[in-house]
Amino acid sequence: MRILRGRWHGLALALMVLLIAVPSLASGATSVRALAPSHYLVIHPALAPAPPVTIGASVRVYRGVAPGYPAGGVQGTSPGLEGTTVVLASCAAACTDNYRPASAPALPGGHYLERVTFTVVQPRHAGPATGFDLEVAVLLSTGWVVGKGYFSTGVATGATTATLTLRLFIDLGTAIPTITKVEVTVNPCGSTTTCP
Amino acid sequence: MAPMKNRYRTIYLVTAALMVAMIGGYALAATSTTTLSPAQNSNVTGNSPNGFTGIASISSEQLVVLTAGMTGSATAGVQTGGAIGISGATTALTACAVACTQNFKTANPATETTGDYGEQLVMTVSQPLNTGTSLGFDFSITVLASTGNVVAQGYLATGLATGGTGSTVTVFLFVDLGTVTAPSVTSVSVVFNQCSSAAACP
């Protein structure tokens, strides 16, 4: 009789423990509250592949005679990288092109210039050409001078790629400049005609 | 012996009553809905079933050297003092007829340094027609770069177009990467949220 009673007691105790433990474990779940759908948008802009352009050396030069270099595209209304491209001339194997920044006035004679050299791989005649922009920022003792350029690689004359040496000339003025730093960026553009 | 039996009977009855009460309460708790107090407010409770669509999107990103023109751009809203999260007053985009370009720097950080490398993000914002409703929105930008990761925030409102049709505003946003060392950018993420009003976020 006693054994039977002890079993009943044990069973009742185990049941009580379960009844207390299970709800307390589940209490975390009952406190969850569903919120209304959020009005948000997450974007991971795809980083475009680098254009076929390599940044070379920069050097300060003095121009006694006004160089008649064309503008490297047309700057848009934003102070950022926004512009219309100029198409690099078709080249057979190796060529050199000289430009001033987009929308910059013609380079006058007697000015110091910062010349930054880029190497551009021009695709074969079948293309496709790609658009790219350049930004050159020169820190002088007197402040920053910035030039931007917007280009399309164009296509080579033949069935093989060509190598273009592209030079961008930034006007530093007439005083002998003290250059502290030169920073250069190259970005691909969304099309061969406009950037970004 | 009889008092002992009575005592056991009482204990059994109390135990049985407790178990019934607990089982009943447990069953009720499992099936009832509890409203927490205070209710949690959300700035995103909805008047648009489609979430943040048709308001703003990212068109492009480019690495730049920040020029005086960029760092001198208007600030995209004002970060609430002391707040490190999304909290601020918006700047409304200028009314546009058909298509316009507007330039901004970030609200947080609010100052940018000319000569630093930066990210240029171009957003396309849909501006409602002049009888529409201006919508406030915020954005949080994360740039992972070899020179260090950068997080920036801003607050804008679409404003209203000048005419009876909507317009498209191209927003150039300049983010300071805080370095003069040429960075290698590995990832750019932008999170947009619609704000609770056209004037303030969230």
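The relative contact order of the stretch B:45-202, computed from alpha carbon pairs under 8 Å that lie at least 6 residues apart in sequence, is 32 percent. Counting Cβ atoms of other protein chains within 10 Å of each residue's Cβ and taking the mean over peptide B:138-147 gives 1.
A Gaussian network model of chain A, with springs between Cα atoms under 10 Å, assigns the largest mean-square fluctuation among A:136, A:116, A:17 to A:17.
Scaling against 2.2 N^0.38 Å puts the C-alpha radius of gyration of the stretch B:105-202 at 1.22.
By the rule of a C-alpha distance below 27 Å, with chain neighbours fewer than 8 residues away ignored, the lysines paired with residue A:181 are A:148, B:105.
Close amide H contacts of residue B:145 (hydrogens built in the peptide plane, cut-off under 5 Å, sequence separation of 5 or more or a different chain): B:150, B:186.
Rounded, prolate or oblate: which fits the stretch A:41-196, taking a ≥ b ≥ c as square roots of the Cα gyration tensor eigenvalues, rounded meaning a/c under 1.5, else prolate when a/b beats b/c? Intermediate values should be presented prior to the final figure.
On the way: a/c = 2.01, a/b = 1.32, b/c = 1.52.
Taking the square roots of the gyration eigenvalues as a ≥ b ≥ c, the stretch A:41-196 is oblate.
Can you give the mean number of other chain Cβ atoms that lie within 10 Å of the Cβ atoms in peptide A:180-189? Intermediate values should be presented prior to the final figure.
Working: counts 1, 3, 1, 9, 2, 9, 2, 6, 2, 2.
Per-residue shielding by partner chains comes out at 4.
Let me have the 222 nm mean residue ellipticity of chain A computed from DSSP H runs of 4+ only, each contributing -39500 (n - 2.57), with the sum over all residues rounded to the nearest 500.
On the way: 1 runs with 29 residues, N = 196.
Helix-only estimate at 222 nm: -5500 deg cm²/dmol.
Comparing A:115, A:63, A:100 in a Gaussian network model of chain A where C-alpha atoms under 10 Å apart are linked, the largest mean-square fluctuation is found at A:63.
When chain A is treated as a GNM, springs tying every alpha-carbon pair under 10 Å, which of A:72, A:149, A:158 comes out with the largest mean-square fluctuation? Maximum fluctuation in the GNM of chain A, among the listed residues, is at A:158.
Quick note: the coordinates plus some simple rules give every number you see, no bench work behind them. Note that the structure is a prediction, hence the values are computed from the model and not measured. All Cβ positions, even for glycine, are placed from backbone atoms using ideal geometry, and neighbour counts span all protein chains on display.
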